[in-house]
1. Out of GLU172, GLU112, I need the residue that is in contact with a Ser or Thr (Cβ under 7 Å, 6 or more places away or on another chain), modelled with pLDDT of 95 or more and either within 22 Å of GLU206 (Cβ to Cβ) or assigned to a loop (DSSP other than H, G, I, E, B) (or both). Which one?
2. Given the condition within 22 Å of the chain's Cα centre (by Cα) and basic (Lys, Arg), answer yes or no: does some residue in the stretch 186-206 qualify?
3. Given the conditions (1) in a strand (DSSP E or B); (2) open to solvent by less than 30 Å² (accessible area, probe 1.4 Å); (3) farther than 14 Å from VAL85 by Cβ, and given that ASN203 satisfies all but one, which numbered condition is not satisfied?
4. Taking the stretch 72-113 as the search range and keeping residues that are touching an Asp or Glu at 6+ places or on another chain (Cβ under 6 Å) and farther than 15 Å from ALA138 by Cα, which one is least open to solvent (accessible area, probe 1.4 Å)?
5. With the structure loaded, tell me whether VAL139 is assigned to a strand (DSSP E or B), in contact (Cβ under 8 Å) with a residue 40 or more places away in the chain and buried (at least 17 other Cβ atoms within 10 Å of the Cβ) or whether it fails that test.
6. Counting only residues that are touching a residue at least 24 places away in the same chain (Cβ under 8 Å) and not in a helix (DSSP H, G or I), how many does the stretch 188-199 have?
7. If we scan the stretch 150-158, do we find a residue that is part of a strand (DSSP E or B), touching a residue at least 40 places away in the same chain (Cβ under 8 Å) and surrounded by 17 or more Cβ atoms within 10 Å (Cβ to Cβ)?
8. Specify the residue that is nearest to PHE214 (Cα to Cα); the eligible residues are those in the stretch 28-54 that are open to solvent by 50 Å² or more (accessible area, probe 1.4 Å) and more than 15 Å from the chain's Cα centre (by Cα).
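The values are calculated or read from the model by the stated rules, or taken from the named source; none is laboratory data. In this text, all values refer to a predicted model and were calculated from it rather than measured experimentally. Note: ideal-geometry Cβ built from the backbone for every residue, glycine included; neighbour counts use all protein chains shown. In case anyone asks, the SASA skips ligands and DNA or RNA and just uses the protein heavy atoms, side chains included. Shrake-Rupley method; radii C 1.70, N 1.55, O 1.52, S 1.80 Å.
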Amino acid sequence: MSHPRIAVLNAAHRDENTTRNFRRELDASLAEFDATDGTVPDDFEYDGAVVTGSRSSVYWDDEWMEPVAEWVDEAIDRGIPFLGVCWGHQLLADVLGGTVADMDVYEVGYSEIEHTGDSRLFDGIDETFRSFTSHSDAVTDLPPGSDPLAENDYSNHGFRKDRVFGVQFHPEYDSKTARELVHRKELSDERRESVLEEITEENYQEACEAKLVFDNFLEFVREVKAEDAVVAAESEDSVASTGCSD
């Protein structure tokens, strides 16, 4: 089976870690776009799309966000499956009519998360799992008609609406990414050392279970592509069968 074609909207302000991480985790044909330049695909000829994390907030009035949100909105209307991670999760929620707000607290480090919905995105993942987190914004109101999929004491950590999935945690992070992020954040010395002490090989290996969301999403993309092909073929057959002859 051919690899699905995935548009990756990279909102990470040219962080090389993000490019490396998503290229490693997504077994697909990737077309990457620097969202922070306002760059989006010229068309919608993709099997799925992924929106990455960012140092920005969804509710900021940055010029680059408008074309990104507009492309995402139309792509969703066209039925393209989406996966949003952290900022991407928040952007998808915002585009779909949800609310994103400052939590007044910063969640960072390996956190315990519980997936609360029966969703194929979490196939093979324990009901309570660990993943690296880094966010001070959260989806406070889910989009109308969406289903919550994961949460912890800080916030919602996952939702689904139709073909759109979002996760607040960072399943793509490796240890290098986590350490560099902690070093550049404005944290007290005590908290920085505490979080750095969590970034161990043991914790990383335990968190690798959450990476299954990428495989599960890509499998969903393949299923959607196959279903859409069947519907299109049936539609063509229907048109052909009702045609007139002399």
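1. The unique qualifying residue is GLU112.
2. no
3. That leaves (1) as the condition not met.
4. GLY109
5. On the way: assigned to a strand (DSSP E or B): yes; in contact (Cβ under 8 Å) with a residue 40 or more places away in the chain: yes; buried (at least 17 other Cβ atoms within 10 Å of the Cβ): yes.
Taking the combined requirement at face value, the residue satisfies it.
6. Count: 1.
7. For the stretch 150-158, residues part of a strand (DSSP E or B), touching a residue at least 40 places away in the same chain (Cβ under 8 Å) and surrounded by 17 or more Cβ atoms within 10 Å (Cβ to Cβ): present.
8. Within the stretch 28-54, the subset open to solvent by 50 Å² or more (accessible area, probe 1.4 Å) is 29-30, 32, 37, 39, 42-43, 45.
Of the ones still in play, those that are also more than 15 Å from the chain's Cα centre (by Cα) are 29, 37, 39, 42-43, 45.
Values: SER29: 14, ASP37: 25, THR39: 23, ASP42: 25, ASP43: 23, GLU45: 20 Å.
Only one residue fits best here, namely SER29.
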